[in-house]
Amino acid sequence: MPLHMIENVTIPSDFNLPNRLTLEQKAQDDALFEQAKELIKQKNALLIAHYYTSPTMQRLCEETGGSIGDSLEMARIGRDSDKDLIVVAGVRFMGETAKILSPNKTVIMPNLKAECSLDLCCNIDDLKKAKQDHPDATVVAYANTSAEVKAQADWIVTSSLAVELGKYLTTQGKPILWVPDRHLGSYIANNSNCDIYCWPGRCIVHDAFEANALSFVKKEHPHAKVLVHPEAPKAVVDMADYVGSTSQILAFAKKDPANEFIIATERNIFYKLSLACPDKKFIEAPVASTKGHCISCANCPWMELNTLKALIEALNNVDEHSVHVDETIAKAATVPLDRMLKFSADLKSGKIVLE
Ligand code: 13P
Ligand code: SF4
């Protein structure tokens, strides 16, 4: 279906990536495991972590009764928990979403500077201008956006629901103004009948997966199935046996009879994949390189800011690490977020059936 790329929007040329941890720093951080575990219990906090955080952070989640999830599940879990102190180990939009959905709870993050390149690609003034240029369009924002952007949207969606929402909105006969991921926008357009005005943003991790190199890896592993996150480029998505969110990739690997999988998403997902399927083999999909160096090496540099050291610091200094969202913005953003959660529940219960 028609995909119209939007031009004249401000996309940062350099995302000012944080420094990577050295192996020594990682080892020092891992050594804080018991201290972090004790503190979570002492503060009666709920730890919610994304699959892209370090294996140690994910293990901490498991051992303290917390939850690991994709962005949709993280949003739900925080809202449904009866704990008053929620620790979100992820990137800023995940903390903001948790706070918007649980305004009366204290939501903290190990590092409030954990950005997401997609979020940084969506400038609020450009969005307001695009809305004026496309007054008839339904504004659909990916969850990987700021609270301010969400407040301007009709719908929020995560990767696990994006195609379904595209199909659903097609029945309403209106075009979609989609922000900010160009590849997910194109994936929705290719898998539904909607007309999409698509923002040119990108995830620096997934955008780097490379189709030519992938074809070589496929030749080396002819029986492996290729599982791809939809933030990857179309040429990579076209080579996939399955496309889905992080949780969906995990669920597919568990139930599929294949024994080998090539995975095109952030590499920390291998922790859960290997735990869930100890007898299966998981291979990293190759990423493009610049002057011999990969840009992110399939590792999100902002997710890496979620160290145990930072988590301990956050639990000991709750005020300094609390997520705040302006009340008016939060109120406006709640509407499309609630729509997404209801849409997801209606799909699950069969109240909404799509062709
Ligand atoms: P999921 O919703 O699949 O967890 O994706 C979040 C994300 O940031 C992907 O890069
Ligand atoms: Fe954002 Fe990409 Fe990192 Fe996910 S992996 S948080 S989309 S930069």
If r is the Cβ-Cβ distance from Ala31 to Ile352 and R0 is 51 Å, what FRET efficiency results, to the nearest 0.05? 0.55
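Can you bin segment 201-320 into rounded, prolate or oblate? Criterion: square roots of the alpha carbon gyration tensor eigenvalues sorted a ≥ b ≥ c, rounded for a/c under 1.5, prolate for a/b above b/c, oblate for the rest. Please report the intermediate quantities before stating the final value.
Details: a/c = 2.29, a/b = 1.46, b/c = 1.57.
Oblate, since a/c reaches 1.5 and b/c is not below a/b.
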Rounded, prolate or oblate, given the Cα gyration tensor of segment 112-219, with a/c below 1.5 counting as rounded? oblate
With the convex hull built on the alpha-carbon atoms of segment 307-355, volume per residue in Å³ sits at 136
Whole-Å distance linking the alpha carbon centroid of segment 199-237 with that of segment 280-313 is 16
Please work out the Cα center distance from segment 317-353 to segment 171-192, rounded to the nearest Å. 21
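Remind me, what semi-axes does segment 18-65 give for its equivalent ellipsoid, largest first in whole Å, using sqrt of 5 times each Cα gyration tensor eigenvalue? Show your work: numbers first, answer last.
On the way: eigenvalues 84, 34, 15 Å².
Whole-Å semi-axes of the equivalent ellipsoid: 20, 13, 9.
Using the heavy atoms of the protein chains and a 1.4 angstrom probe, tell me the accessible area per residue for the chain in square angstrom. Provide the component values of the computation, followed by the final result.
On the way: 15830 Å² over 355 residues.
Heavy-atom SASA per residue in the chain reads 45 Å².
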Which trypsin sites (Lys or Arg not before Pro) does segment 8-95 hold that lie in a coil by DSSP with at most 13 other beta carbons within 10 Å? Arg20
Where a ≥ b ≥ c are the square roots of the eigenvalues of the C-alpha gyration tensor, would you call segment 50-118 rounded, which needs a/c under 1.5, or, failing that, prolate if a/b is larger than b/c, or oblate? oblate
Describe numerically, in nm with one decimal, the distance between label points set 7 Å from Cα along Cα→Cβ at Ile295 and at Asp80. 3.6
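How much length is gained if the chain between Asp338 and Gln172 is pulled fully straight, taking 0.36 nm per residue apart and subtracting their Cα-Cα distance, in nm to one decimal?
Details: separation 166, 0.36 × 166 = 59.76 nm, distance 1.93 nm.
Once the chain is fully extended between Asp338 and Gln172, it gains 57.8 nm.
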With label points set 7 Å from each Cα along the Cα-to-Cβ direction at Asp241 and Ser215, the distance between them in nm comes to 2.0
So which of Lys37/Lys105; Lys129/Lys342; Lys113/Lys167; Lys26/Lys113 end up more than 26 Å apart, counting from Cα to Cα? Lys129/Lys342; Lys113/Lys167
Ratio of the Cα radius of gyration of the chain to 2.2 N^0.38 Å, where N counts its residues: 0.96
Just the isolated ones, please: cysteines in the chain lacking another cysteine beta carbon under 4.7 angstrom. Cys61, Cys116, Cys121, Cys122, Cys194, Cys198, Cys203, Cys277, Cys300
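Restricting to DSSP H runs of at least four residues, report the calculated mean residue ellipticity at 222 nm for the chain, -39500 (n - 2.57) per run over all residues, nearest 500 deg cm²/dmol.
Numbers: 17 runs with 153 residues, N = 355.
It comes out at -12000 deg cm²/dmol, rounded to the nearest 500.
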Evaluate E = 1/(1 + (r/R0)^6) for Asn8 and Gln42, where r is the Cβ-Cβ distance and R0 equals 56 Å; express this FRET efficiency to the nearest 0.05. 0.60
What fraction of the Cα pairs in segment 258-355, stated in percent, has a spacing above 20 angstrom? 69
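The values are calculated or read from the model by the stated rules, or taken from the named source; none is laboratory data. Computed from a predicted structure; not experimentally measured. Because the Cβ atoms are built from the backbone with ideal geometry, glycine has one as well, and the counts that use them run over all protein chains shown. Only protein heavy atoms, including side chains, enter the accessible area calculation; ligands, DNA and RNA are left aside. Shrake-Rupley method; radii C 1.70, N 1.55, O 1.52, S 1.80 Å.
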